[in-house]
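Step one of this worksheet: look at the structure below.
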Amino acid sequence: MTQPILDRRSTLALATGAMAAAASPLCAQPAVARYQVRFDPGATLRFFIQAELPAVGERLSMGDSYPAELPEMARQGWPALVSGFSAHDSAGPLPVALERNRWRLSRPAQGVVRLAYQVDLGLFARAGWSSPLESAVVDDGVLAVSGRALFITGSDGPAEVQYVLPPGWRSVMPWNLTAGERYRVDSRTRLQDNMLAFSKRPPLIVGSAGFRLQVVPMGHWRPLEAPIREALQRIARRETAWVGWRGEDRFNVILTPVADSGGEAYRQSLAMCFAAPTVANRPDWANFLAHEIFHYWNGSRLRGADYPSSQWFQEGFTEYTANLTLLAGRIAPPAWFLGKLTGHVANAARLETTLENIGTRKGPPLYSSGALVAFAFDTAIRRASGGKRNLGDFFRNLWRATDGAAKPYAWADIRLALEATAAGDWQSFYERHIKGPEKLPLARVFADAGLKLESGGVSIDPADMAARAVWRSLERG
């Protein structure tokens, strides 16, 4: 695990008590929540925060999701990092009682509530940066931290954040930049549910169709900046086209220096680790990136009305999209894609429930089973439309059917989007293979794509020239 090697020359002589006593530099009656965040990158790794919160309600809260590996976090959640907490409203000091992840007000707040508090990342530093994808991690001149660790909020609504940073430091936030180090977000979810970065180097910037990726490579990722930029540019181009994206947004890609493999998706960001990334194994780490980035659309925006029973779609279709993005984007060769299909077959064979009855048991069998459903749908759409449509057309139809992901989807919405894309007996497939326990007819699905499934895995079938047209369309995306 990488240890902190941050520039320790610049520290901030701020005391939380003095902050609470001093007149607030922020507006007296803000229409939105306002935060001023000062960052001390010295040995203490502290944040000094002032906030003005309108319409607090009965509680002040931090993020509900937190790493519980550390005993202090297991007991208190994110408030385990908070010290020097004080709250005031127009009537004076506001007594509060600390609960897990929240503070309960002892009386109704009168008007704007002013907070002052410190967030100390020393708890994670002393534990060797435990759970870095969910909490925080440092590298030479870079700190990445979850927004859940920093922001205490009241009721939901828009917020403005001003950072006061030491000379040479910059903030890398997946939010709308208004001026200097000032940002605006439209909801508490965007404020807390993101991985944020502070860096002495500018991020890599890539993107497509108004989707801006801000990439912060740390540690052993830095020598790979050129292949990272190329891979992400192709991923962004393919995935924005796949969903027909026409918006404007920022997305943080935090590549941590941790010698492990995995990823964590946030609302507009991801944190990822990979043990030993190289140019040679680019398809493997790029697939992680493509998967987590696609969760921006399928997971963060498109959401199932029922979380457990929709994970075959959220995770499986995201994984298949990542696999196909690498194939069609020429990031990975056809042999790699066929190898991924082979791996999905092996993983799916271990699934012990129906796809809708997975409960909390997410893992490779669910991801791969869902990916094979996506492959079956994509193949069926291409065949039924004579190669004129694909699974991307389905995603665009589902986007419209949910009013731009404003409404959660259920199977009925997925079926209607499929029917709008291509003819097929989609309901029967659902009843048998998703809601029901019948295994996927994989031999036929692969044959329809010009492939064959044998004991050695999935390979191209040179004999079926008609079905090979589907395979060629898959290679094009």
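The values are calculated or read from the model by the stated rules, or taken from the named source; none is laboratory data. Here the structure is a predicted model, which is why all the values come from computation and not from measurement. Cβ sites come from the backbone with ideal geometry, for glycine too, and all protein chains shown count toward neighbours.
Okay, here's what the table says:
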item	result
Positions within the range 179-197 being farther than 16 Å from Arg212 by Cα and either in a loop (DSSP other than H, G, I, E, B) or among the polar types (S, T, N, Q) (or both), in sequence order	Gly180, Glu181, Asp186, Ser187, Thr189, Gln192, Asp193
Residues being in a strand (DSSP E or B) and either of a type in the set (A, V, I, L, M, F, W, C) or surrounded by fewer than 24 Cβ atoms within 10 Å (Cβ to Cβ) (or both) - total across the range 253-296	11
Check on Arg472, of a type outside the set (A, V, I, L, M) and free of Cβ contacts under 8 Å to residues at least 40 places away in the same chain	yes
Checklist (1) of a type in the set (A, V, I, L, M, F, W, C); (2) part of a helix (DSSP H, G or I); (3) touching a residue at least 40 places away in the same chain (Cβ under 8 Å) applied to Ala420, failing item	(3)
Only one of Asp461, Asp413 that is assigned by TED's automatic domain parsing to the domain that holds Thr321, more than 14 Å from Ala376 (Cα to Cα) and within 31 Å of the chain's Cα centre (by Cα)	Asp413
Number of the exception - Glu352 against (1) modelled with pLDDT of 95 or more; (2) more than 19 Å from Ala469 (Cα to Cα)	(1)
Options Gly329, Gly363: the member that is assigned by TED's automatic domain parsing to the domain that holds Leu451 and surrounded by fewer than 16 Cβ atoms within 10 Å (Cβ to Cβ)	Gly363
Single residue of the range 112-130 satisfying the filter (at pLDDT 90 or above and part of a loop (DSSP other than H, G, I, E, B)) that is farthest from Pro95 (Cα to Cα)	Leu121
The range 236-252, subset assigned to a helix (DSSP H, G or I) and in contact with a helix residue (DSSP H, G or I) (Cβ under 8 Å, 6 or more places away or on another chain), residue nearest to Pro223 (Cα to Cα)	Ala236
Among (1) touching a residue at least 12 places away in the same chain (Cβ under 8 Å); (2) on the phi > 0 side of the Ramachandran plot - the single one Phe446 does not satisfy	(2)
Among the residues listed as Arg389, Arg396, the single one being in contact with a helix residue (DSSP H, G or I) (Cβ under 8 Å, 6 or more places away or on another chain) and either among the aromatic types (Phe, Trp, Tyr) or farther than 19 Å from His291 by Cα (or both)	Arg389
Residue in the range 69-103 that is farthest from the chain's Cα centre (by Cα), counting only those that are of a type in the set (S, T, N, Q) and under 17 Å from Phe47 (Cβ atoms)	Ser86
Contacts under 7 angstrom Cβ, first residue in the range 170-187 being in the same structural domain as Val142 (by TED's automatic domain parsing), partner modelled with pLDDT of 95 or more and among the basic types (Lys, Arg), 6 or more apart	Pro174/Arg250; Trp175/Arg184; Trp175/Arg250; Asn176/Arg184; Thr178/Arg184
Selection status of Gly141, modelled with pLDDT of 90 or more and on the phi > 0 side of the Ramachandran plot	yes
Residue identified as over 29 Å from the mean Cα position of the chain (by Cα), of a type in the set (Gly, Ala, Ser) and under 30 Å from Ala55 (Cβ atoms) among Ser135, Ser106	Ser106
Number of positions in the range 185-199 that are surrounded by fewer than 16 Cβ atoms within 10 Å (Cβ to Cβ) and not acidic (Asp, Glu)	1
Matching residues in the range 19-54 - criterion: being of a type in the set (Gly, Ala, Ser) and modelled with pLDDT under 75	Ala20, Ala21, Ala22, Ala23, Ser24, Ala28, Ala43
Criterion (surrounded by fewer than 17 Cβ atoms within 10 Å (Cβ to Cβ), closer than 17 Å to Ser155 by Cβ and not small (Gly, Ala, Ser)) met by exactly one of Arg34, Arg59	Arg59
Condition met for Ala74 (outside any loop (DSSP other than H, G, I, E, B) and free of Cβ contacts under 8 Å to residues at least 40 places away in the same chain)	yes
Given (1) part of a helix (DSSP H, G or I); (2) touching a residue at least 40 places away in the same chain (Cβ under 8 Å), index of the condition Gly387 fails	(1)
Count - residues of the range 151-176 that are outside any loop (DSSP other than H, G, I, E, B) and either among the acidic types (Asp, Glu) or more than 20 Å from the chain's Cα centre (by Cα) (or both)	8
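Residue-wise test of (1) of a type in the set (Asp, Glu); (2) in contact with a strand residue (DSSP E or B) (Cβ under 7 Å, 6 or more places away or on another chain); (3) assigned to a loop (DSSP other than H, G, I, E, B).
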position	(1), (2), (3)
Arg432	no, no, no
Gly436	no, no, yes
Lys452	no, yes, no
Arg468	no, no, no
Trp471	no, yes, no
Leu474	no, no, no
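Rundown of residues vs (1) surrounded by 20 or more Cβ atoms within 10 Å (Cβ to Cβ); (2) in contact with a His (Cβ under 6 Å, 6 or more places away or on another chain); (3) under 18 Å from Leu302 (Cα atoms), yes/no style:
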position	(1), (2), (3)
Glu356	no, no, yes
Ala417	yes, no, yes
Gly436	no, no, no
Lys439	no, no, no
Asp464	no, no, no
